[in-house]
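Notes follow the structure.
The values are calculated or read from the model by the stated rules, or taken from the named source; none is laboratory data. Because the structure is predicted, anything quoted here is derived from the model rather than measured. Ideal geometry is used to build each Cβ from the backbone, glycine not excepted, and the neighbour counts take in all protein chains shown. Calculation scope for accessible area: heavy atoms of the full protein, side chains included, ligands and nucleic acids excluded. Shrake-Rupley method; radii C 1.70, N 1.55, O 1.52, S 1.80 Å.
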Amino acid sequence: MSGGSHAVYPGSFDPLTNGHLNVIRRSAAVFGRLTVAVVVNPQKREPLFTLEERQAMIRECAASMPNIEVMDFRGLLADFVKEIGADVIVKGLRVVSDFESELSTALMNRSLSGIDTMFLMSDAKYSFVSSSLIKEVFFLGGDVSGYVPEPVLRTMNARRNSLPR
Ligand code: PNS
């Protein structure tokens, strides 16, 4: 791809899901370089996993992809993207309600920085998969092995085993 070849894929990744990994794989095939940017403090709530854990899970899952790097950022995404000299933000869209919130976010980010957001349609088989749902199902005893990569499942099991019974 000419121009726009360094993309940033931002998120909380608390934790990384198969849906995220699918977007990472497909973006890495389109852009020359992909920075997965883990927000330090997600706005929604206190993360379950530390920044280091969230990044380590992504690094392990993306280890075979040479054009991917994992960074963290705090503050405005638009500032971070400009700071590292990236050309474009990439996001996944699962359902129409994602579009509604992503539209204003993408327009605000472009207004702040001049940087466009490009969207990949999530693979239909992951359209219902979100980190928050995965955590809820997991801690209520459900099987999430089909929705998260193996290193994430391992980290989740370790976290559950370390909790007081
Ligand atoms: O995985 P998430 O929680 O849906 O990711 C949300 C994220 C990190 C992409 C979003 O909260 C974000 O961009 N945060 C940085 C703060 C910011 O730039 N806010 C203004 C958005 S227009």
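Within region 6-20, is there a residue that is among the aliphatic types (A, V, I, L, M), touching a helix residue (DSSP H, G or I) at 6+ places or on another chain (Cβ under 9 Å) and outside any loop (DSSP other than H, G, I, E, B)? First the steps, then the outcome.
Taking region 6-20 and keeping what is among the aliphatic types (A, V, I, L, M), we get 7-8, 16.
With the extra rule that they be touching a helix residue (DSSP H, G or I) at 6+ places or on another chain (Cβ under 9 Å), the set shrinks to 7-8, 16.
Those still in the list that are outside any loop (DSSP other than H, G, I, E, B) too: 7-8.
Checked region 6-20: at least one residue is among the aliphatic types (A, V, I, L, M), touching a helix residue (DSSP H, G or I) at 6+ places or on another chain (Cβ under 9 Å) and outside any loop (DSSP other than H, G, I, E, B).
Against the condition open to solvent by 60 Å² or more (accessible area, probe 1.4 Å), within 24 Å of N22 (Cα to Cα) and in a strand (DSSP E or B), how does F128 come out, does it pass? Before the answer, list the steps.
On the way: open to solvent by 60 Å² or more (accessible area, probe 1.4 Å): yes; within 24 Å of N22 (Cα to Cα): yes; in a strand (DSSP E or B): no.
Considered against the rule, which asks whether it is open to solvent by 60 Å² or more (accessible area, probe 1.4 Å), within 24 Å of N22 (Cα to Cα) and in a strand (DSSP E or B), F128 comes out as no.
Restricting to region 30-46, and then to whatever is over 15 Å from I89 (Cα atoms) and out of contact with any Lys or Arg (no Cβ under 7 Å at 6 or more places or on another chain), can you tell me which residue is surrounded by the most Cβ atoms within 10 Å (Cβ to Cβ)? Show your work before the answer.
Filtering region 30-46 for residues over 15 Å from I89 (Cα atoms) gives 40-46.
Of the ones still in play, those that are also out of contact with any Lys or Arg (no Cβ under 7 Å at 6 or more places or on another chain) are 42-46.
Details: P42: 15, Q43: 6, K44: 10, R45: 10, E46: 7.
Among them, the one singled out is P42.
Pairs needed: first member in region 142-165, at pLDDT 95 or above; second member anywhere, part of a loop (DSSP other than H, G, I, E, B); C-beta distance under 6 Å; at least 6 residues apart or different chains.
Pairs found: Y147/T17; Y147/V129; V148/T17; V152/P15; V152/L16; L153/S145.
Quick one: count up the residues across region 56-107 that are touching a residue at least 40 places away in the same chain (Cβ under 8 Å), assigned to a helix (DSSP H, G or I) and open to solvent by less than 40 Å² (accessible area, probe 1.4 Å).
Matching residues across region 56-107 total 6.
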